[in-house]
């Protein structure tokens, strides 16, 4: 049951963070310790820089589910971490072989949910976003949560980090059109 952003009267917290590598045990420990202090239920990490077997190092006493996509080199990489007491039941995972996205479907209690974590290319590539968004399943009454580092500016007028205003790139135009067509938000 969904009620104003709550699933079965349960508030969920999400966090998305480009960690720029968590290979080093000290940095990984600091990242996990900070995330634990935030009391976050579902975490989207980008640029994990971990190889396949190393993603298990993200599991700890309070995180029991880790879904990831990785590249063979120690670059890129995304992961979705789910806190131990979050009632998530996994259905399926689609992981990009280039370490740029991971899409996970499942249920929170009995509510269908789709989680998508993206680490976008650092150049304008609308085809990348077209491909990723085409993977999103058409599940009636499902909740879609997208997090990540898109490496693009969706609205140059709202982006305070730009010294001068720029025109939106083709990738951001595709995302805004997609979101508007899916009634995800007013774009």
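What follows is calculated from the coordinates using simple rules that are stated; it is not laboratory data. Remember, predicted model here, so these are calculated numbers, not experimental data. For neighbour counting, all protein chains shown are included, and Cβ atoms are generated from backbone atoms with ideal geometry for every residue, glycine included.
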quick note, region 2-151, DSSP beta bridge pairs, % antiparallel (nearest 5) is 70
If I model a spin label as a point 7 Å beyond the Cα along the Cα-Cβ vector, how far apart are those points for residue 24 and residue 11 in nm? 3.5
Note the full-extension length gain between residue 130 and residue 84 as 0.36 nm times their separation in residues minus their Cα-Cα distance, in nm to one decimal. 13.3 nm
If I model a spin label as a point 7 Å beyond the Cα along the Cα-Cβ vector, how far apart are those points for residue 109 and residue 59 in nm? 2.8
Percent of Cα-Cα pairs per 5 Å bin, from 0 to the last occupied bin, for region 2-151, please list those. 2, 9, 20, 23, 20, 14, 8, 3, 0
Can you pull the semi-axes for region 34-121, root of five times each eigenvalue of the Cα gyration tensor, sorted largest first, whole Å? 21, 16, 11
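On a full-extension model of 0.36 nm per residue, what is the gain between residue 170 and residue 97, subtracting their alpha-carbon distance, rounded to one decimal in nm? Could you put the intermediate results ahead of the total?
Details: separation 73, 0.36 × 73 = 26.28 nm, distance 2.37 nm.
23.9 nm is the gain from fully extending residue 170 to residue 97.
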Would you mind calculating the gained length between residue 138 and residue 51 on full extension (0.36 nm times residue separation, minus the Cα-Cα distance), in nm to one decimal? 28.2 nm
So what is the relative contact order of region 2-151, in percent, for Cα pairs below 8 Å that sit 6 or more residues apart? 19
